[in-house]
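Notes for the one structure printed next.
The values are calculated or read from the model by the stated rules, or taken from the named source; none is laboratory data. Owing to the predicted nature of the structure, the values given are computational and were not obtained by experimental measurement. Glycine also receives a Cβ, built like all others from the backbone with ideal geometry; neighbour counts cover every protein chain displayed. Keep in mind that these areas ignore ligands, DNA and RNA; they rest on the heavy atoms of the full protein, side chains included. Shrake-Rupley method; radii C 1.70, N 1.55, O 1.52, S 1.80 Å.
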Amino acid sequence: MKSTTRGTLAAVITCVAAAAGATPAAAVGTVPVPLPLGGAEKALNVELPEATGQLPVPVPGSPEGPRYVEGRLIPERAVPQLPVHGGLPGADLRAPLPNILGAGFDHVGVDAPASDLRTLAPGVSVDAPLTSPNADGFGLPEAKLPQVGVLAPLVQTVPTADLGVGPGL
């Protein structure tokens with residue numbers, strides 16, 4: 001086997017092994033998004049802010065199925081609530097500070113990591129205008145007022161952020 005063939009084969013095997021060991025973006029939960037300002041910093045010969053972010057990957061969950069309740073003809077949660085788990089986007093910013101706060105404080109930084117977000121879409125619960133069969137009425141259902149309920153949407157999250165000032169933060 002020629003040396004060029006062996007080198008090509010080794011490169012292909014290395015790439016395949018690296019791809020097999022890498023985790024997909026959906027398994028990570030967030031996708032990093034850098035903001036490339038290095039070229040502008042060199043062209044302008046000035047220190048520019050550094051910014052990176054994280055975008056969450058939303059993951060739909062499985063809805064709760066309808067629940068059958070005694071005395072109702074139609075099950076509860078006829079239109080179920082769909083849960084979606086994801087997150088709020090995160091950011092990491094670092095900017096130069098022109099010694100406003102005195103010597104030793106030349107950078108300011110904000111770190112707001114991506115935080116978990118849990119949501120439930122609105123749902124509907126409906127009941128028919130008839131009761132279940134009644135033994136006292138010869139097995140016939142009785143009329144009643146129809147019932148409709150809207151299940152409110154739900155949003156739960158706990159965002160955090162850190163602000164720091166210091167030398168070369």
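Tabulated results
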| read-out | value |
| --- | --- |
| Whole-Hz ³J(HN,Hα) from phi, Karplus 6.51 cos²θ - 1.76 cosθ + 1.60, for region 149-161, glycine and proline x | x, 9, 7, 5, x, 10, 9, 10, 7, 9, x, 9, 7 |
| 5 angstrom amide H check on V33, placed H, neighbours 5+ away | G53, Q54, L55 |
| Region 36-169, dipole about Cα centre (Lys/Arg Cβ +1, Asp/Glu Cβ -1), debye to the nearest 20 | 300 |
| Per residue accessible area in Å² of region 43-169, where ligands, DNA and RNA are left out and the probe is 1.4 Å | 67 |
| Region 32-169, accessible surface, carbon-and-sulfur percent (1.4 angstrom probe) | 66 |
| ³J(HN,Hα) computed for each position of region 71-88 - Karplus, 6.51 cos²θ - 1.76 cosθ + 1.60, integer Hz, glycine/proline x | x, 10, 7, 9, x, 5, 6, 4, 10, x, 7, 9, x, 10, 9, x, x, 8 |
| Amide H within-cut-off set for Q81, under 5 Å, with H built and near neighbours excluded | E64 |
| Residues with amide H under 5 Å from that of G87, placed H, sequence gap 5 or more | L117 |
| Relative packing of peptides 44-53, 109-118, 137-146, 59-68 - highest average C-beta neighbours within 10 Å first | 109-118, 44-53, 59-68, 137-146 |
| Whole-Hz ³J(HN,Hα) from phi, Karplus 6.51 cos²θ - 1.76 cosθ + 1.60, for region 137-148, glycine and proline x | x, 6, x, 9, x, 9, 7, 8, 6, x, 10, 9 |
| Convex hull volume per residue for region 116-169, taking Cα atoms only, in Å³ | 96 |
